[in-house]
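Undergrad: Okay, handing you the structure first.
All of the numbers you see were taken from the coordinates with simple rules; none came from a lab. In this text, all values refer to a predicted model and were calculated from it rather than measured experimentally. Note that each Cβ is placed from the backbone with ideal geometry, even for glycine, and that neighbours are counted across all protein chains shown.
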């Protein structure tokens, strides 16, 4: 039962299916490049792979990846930080609804 202290949020253990999906190569979301600013297209494969809105799944997916992938993601996030921030703080931020692309990139932006 929610109380004022936890504001109704409940934290539970992820299911084995969720953890299995987080460590798989199957993307959590398929990104439509036409719904992503062109300057961020380089990040699409990462958004598809790590764009889990669920923090536990996103971090499990990151832990399951190799150092080179994580380092490449960090570099690209730094390189595209201004464009990413501009998109995520733009008109689509006024949702809901938010597009799957917006949600995946928003989650990706929380990785580091």
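Undergrad: How high is the FRET efficiency from residue 69 to residue 93, r the C-beta distance, R0 25 Å, rounded to 0.05?
TA: 0.35
Undergrad: At 7 Å along the Cα-to-beta-carbon direction for both residue 32 and residue 78, put a label point, then send me their distance in nm to one decimal.
TA: Between residue 32 and residue 78, the simple spin-label model gives 3.4 nm.
Undergrad: Something else: For the ranges 45-57, 90-102, what's the packing order if you count other beta-carbon atoms within 10 Å of each residue, average per peptide, and put the highest first?
TA: Per-residue mean Cβ counts within 10 Å order the peptides as 45-57, 90-102.
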